[in-house]
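Here is the structure we will look at.
What follows draws every value from the coordinates through simple rules; no lab data is involved. Nothing here was measured: the structure is a model prediction, and the numbers come from that model. Positions of Cβ are backbone-derived with ideal geometry, glycine not excepted, and every protein chain shown enters the neighbour counts.
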Amino acid sequence: MAIKVIVAGAKGRMGTEAVKMILKDSELQLACGIDSKLDGVDVGEVIGLGHIGVPMHNDLEQALEQYEADVLVDLTTPQSGRRNMELALNKQVRPVVGTTGFSAQDITELSELCQQQQTGALIAPNFAIGAILMMKFAKQAAKYMPDVEIIEMHHNQKLDAPSGTAIKTAEMISEVREEHRQGHPEEKEEIDGARGAFFQGFPIHSVRLPGLVAHQQVIFGGEGQTLTLRHDSIDRSSFMPGINLAIKKVMHLEELVYGLDKIID
Ligand SMILES: NC(=O)C1=CN([C@@H]2O[C@H](COP(=O)(O)OP(=O)(O)OC[C@H]3O[C@@H](n4cnc5c(N)ncnc54)[C@H](OP(=O)(O)O)[C@@H]3O)[C@@H](O)[C@H]2O)C=CC1
Ligand SMILES: O=C(O)C1=N[C@H](C(=O)O)C[C@H](O)C1
């Protein structure tokens, strides 16, 4: 039987790609799309595919009642992502969440809800395999080169900064890097924010420009040398194999998994 999937944010940049990916896979079935403004219209007509016979709804709670969905894919906004996850978990529907902007407290509380509901969930700040490898390599490098700065670069419609990927990378680096404040002890910002946002003593810089999709550099500095890791998503199709994998994996999870790195060896 195909896995029945609801996509929240189906009209958005990522949601549109996710709908197309689901429609191409016979192991998956699109139950409906969710959008805060559209109700009753055909998902395919909204995203330029023509009629596909699957409706858009503006109320996730009702849609969870109406369709016996297995998985909720959430690609919305930091504000709605957490509420959507809670609504799904309360109905034992498994969330696969790409939405970024969750706090550490959100993750802890959602993890507790997964336990209470005995329902698996997956939150992945980045679904692109190249980005997962970049994060894993950054963790490896930080063991030997603990002075590091992250520069993440995104399109100028992005709501959250720093990106979820930059935060996850910083968290993974911090697992092996002894916390210390980088830079000259007496350095002074002539313009506020010049040195970026500090995460356990190392800076993260966020660039927002039209023309960009999703890019990140992790630069390590050591005695007489630097090492630069760089990943570029030049198209949102880069995220789709990861979302497909996550939908299939979450069916076998019994807890909240934070990061695709946890399910890719
Ligand atoms: N994990 C990953 O690999 C990736 C994650 N992302 C993240 O995914 C999220 C979406 O990004 P992107 O597609 O670029 O953003 P968009 O702004 O293009 O899409 C978001 C969509 O969500 C809809 N929306 C907003 N509120 C709700 C709600 N309560 N219920 C249902 N739909 C809602 C919006 O439409 P409307 O307002 O009409 O409802 C909009 O269509 C972001 O958080 C981004 O950071 C992006 C790329 C990769
Ligand atoms: O908003 C985006 O576009 C992206 N968001 C995610 C993030 O915050 O890291 C993933 C990717 O970088 C694209």
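Within the stretch 170-204, the residues that satisfy the criterion of being on the phi < 0 side of the Ramachandran plot and in contact with a helix residue (DSSP H, G or I) (Cβ under 6 Å, 6 or more places away or on another chain) are MET172, ILE173, VAL176, ARG177, PHE199, ILE204. What residue, among those in the stretch 109-155 that are assigned to a strand (DSSP E or B), out of contact with any helix residue (DSSP H, G or I) (no Cβ under 8 Å at 6 or more places or on another chain) and farther than 25 Å from MET240 by Cβ, is nearest to ligand 2 (Cβ to nearest atom)? Among residues in the stretch 109-155 that are assigned to a strand (DSSP E or B), out of contact with any helix residue (DSSP H, G or I) (no Cβ under 8 Å at 6 or more places or on another chain) and farther than 25 Å from MET240 by Cβ, the one nearest to ligand 2 (Cβ to nearest atom) is ILE151.
Of all the residues in the stretch 69-128, those that are surrounded by fewer than 20 Cβ atoms within 10 Å (Cβ to Cβ), touching a residue at least 60 places away in the same chain (Cβ under 8 Å) and within 13 Å of the chain's Cα centre (by Cα) number 4.
Is the stretch 8-20 home to any residue that is within 16 Å of ligand 2 (Cβ to nearest atom), in contact (Cβ under 8 Å) with a residue 60 or more places away in the chain, within 16 Å of VAL96 (Cα to Cα) and assigned to a strand (DSSP E or B)? So far as the stretch 8-20 goes, yes, one or more of its residues are within 16 Å of ligand 2 (Cβ to nearest atom), in contact (Cβ under 8 Å) with a residue 60 or more places away in the chain, within 16 Å of VAL96 (Cα to Cα) and assigned to a strand (DSSP E or B).
Checked against (1) surrounded by 14 or more Cβ atoms within 10 Å (Cβ to Cβ); (2) within 12 Å of ligand 2 (Cβ to nearest atom), LEU159 passes all but a single condition, namely (1). Taking the stretch 40-82 as the search range and keeping residues that are hydrophobic (A, V, I, L, M, F, W, C) and assigned to a loop (DSSP other than H, G, I, E, B), which one is nearest to ligand 2 (Cβ to nearest atom)? Looking at residues that are hydrophobic (A, V, I, L, M, F, W, C) and assigned to a loop (DSSP other than H, G, I, E, B), I get LEU75. When we screen ILE3, ILE22 for residues that are away from ligand 1 (no atom under 11 Å from the Cβ), surrounded by 16 or more Cβ atoms within 10 Å (Cβ to Cβ) and farther than 29 Å from VAL213 by Cα, the only hit is ILE3. Among the listed residues MET145, MET153, identify the single one that is away from ligand 1 (no atom under 14 Å from the Cβ) and touching a residue at least 60 places away in the same chain (Cβ under 8 Å). The conditions single out MET145. For the stretch 156-191, the set of residues classified as part of a helix (DSSP H, G or I) and not small (Gly, Ala, Ser) consists of THR165, ILE167, LYS168, THR169, GLU171, MET172, ILE173, listed by residue number.
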